[in-house]
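J.: The structure is given below, and queries will be raised subsequently.
Just so it is clear, none of the values below were taken in a lab; they were calculated from the coordinates. Worth saying up front: this structure is predicted, and the values here are computed from it rather than measured. As a convention, Cβ positions derive from the backbone with ideal geometry for all residues, glycine included, and neighbour counts pool all protein chains shown.
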Amino acid sequence: MKSKITKLAAAAVIIVAVVLTVTILDRTATPTWAIDDTVKALNQFNGIYLSGVVGVPIEKIGRGEDLVLREGENMSVEYWMQANEERTRSENYRIEAGDGTVWSVYNSKTYKYDPMSNTVQVRSGRGIEMSIWPCGDYLSKVQEFMQDWQVMYGKDTVTGRDCAFITLSNPSQGQSWWVEIDLETNLPVRAKGWHNTRREGTPSMNFQRIIFFEKLPDEIFEFEIPEGATVIDKRQD
């Protein structure tokens, strides 16, 4: 049940992680951003919310059972992720896609709602997860495969707040990223990713809201069976 949208979610959290390992290239700029401040800020939070648009060329995403996007198509999507106690991976997880598809992981059960067939699949365990939470030793590993780090400073186009803008790439995966850090909170607030190393063309993911929480409410992850939906119980498969 590893959907293509969940792979994009994994990439999104890599975005959150990589910004913590950036070396500031221009320390004479004012204001400046310090890695330690962002690490300290993130350590206060165990929940993440992201919303935006994903759109991946068909040769990259393929024809998955959960989502099909053709060249030039895109879809709005929202993610909610809550870390486990050790902060090593996600414990609870929810995705809502623009076509009405919903995935939810809660209490070691995974639900997937397909609005086209009006069916709900139920499986045991975490059918989707963020397998590595963006903290700890993972950050040093991220730095090994990310290249072309650059940091610039400017204003957020919506709020006017001072921000740091980080660009980087992963040649081995043919990907590149742009991440915006709010300099008052030291947290990522927006991010974009491309399936090329030059940040060319329309981003394959464009998250315009990234919000961190000390803890997300359990109610977000609880799944309610839609009226009239057929339940397909696969917990014995």
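J.: How would the range 86-237 be classified by its alpha-carbon gyration tensor: rounded, prolate or oblate, with rounded meaning a/c under 1.5 and the a/b versus b/c comparison settling the rest?
T.: prolate
J.: In the structure shown, do any of Lys109/Lys192; Lys192/Lys215; Lys112/Lys192; Lys109/Lys215; Lys155/Lys192 have a Cα-Cα gap over 22 Å, and if so which?
T.: Lys109/Lys192; Lys192/Lys215; Lys112/Lys192
J.: Also, quick follow-up: If we sort 120-126, 216-222 on the protection proxy, mean other Cβ atoms within 10 Å, highest first, what's the order?
T.: In decreasing order of mean packing, 120-126, 216-222 become 120-126, 216-222.
J.: What does the extension gain come out to for Ser76 and Asp99, with contour length at 0.36 nm per residue minus their alpha carbon separation?
T.: 7.5 nm
J.: On a full-extension model of 0.36 nm per residue, what is the gain between Ile225 and Phe145, subtracting their alpha-carbon distance, rounded to one decimal in nm?
T.: Here the answer is 24.6 nm.
J.: With the crude spin-label approximation of a point 7 Å out along Cα→Cβ, what separation in nm comes out for Lys234 versus Ser131?
T.: 1.8 nm
J.: If you don't mind, there's one more thing I want to ask. Would you please name the GluC sites (Glu not before Pro) within the range 174-212 that are DSSP coil residues with at most 13 other C-beta atoms within 10 Å of their C-beta?
T.: Hits after loop and neighbour filter: Glu184, Glu200.
J.: Where does each of 81-87, 190-196, 223-229 land if you order them by average Cβ count within 10 Å, highest first?
T.: Descending mean neighbour count gives 190-196, 81-87, 223-229.
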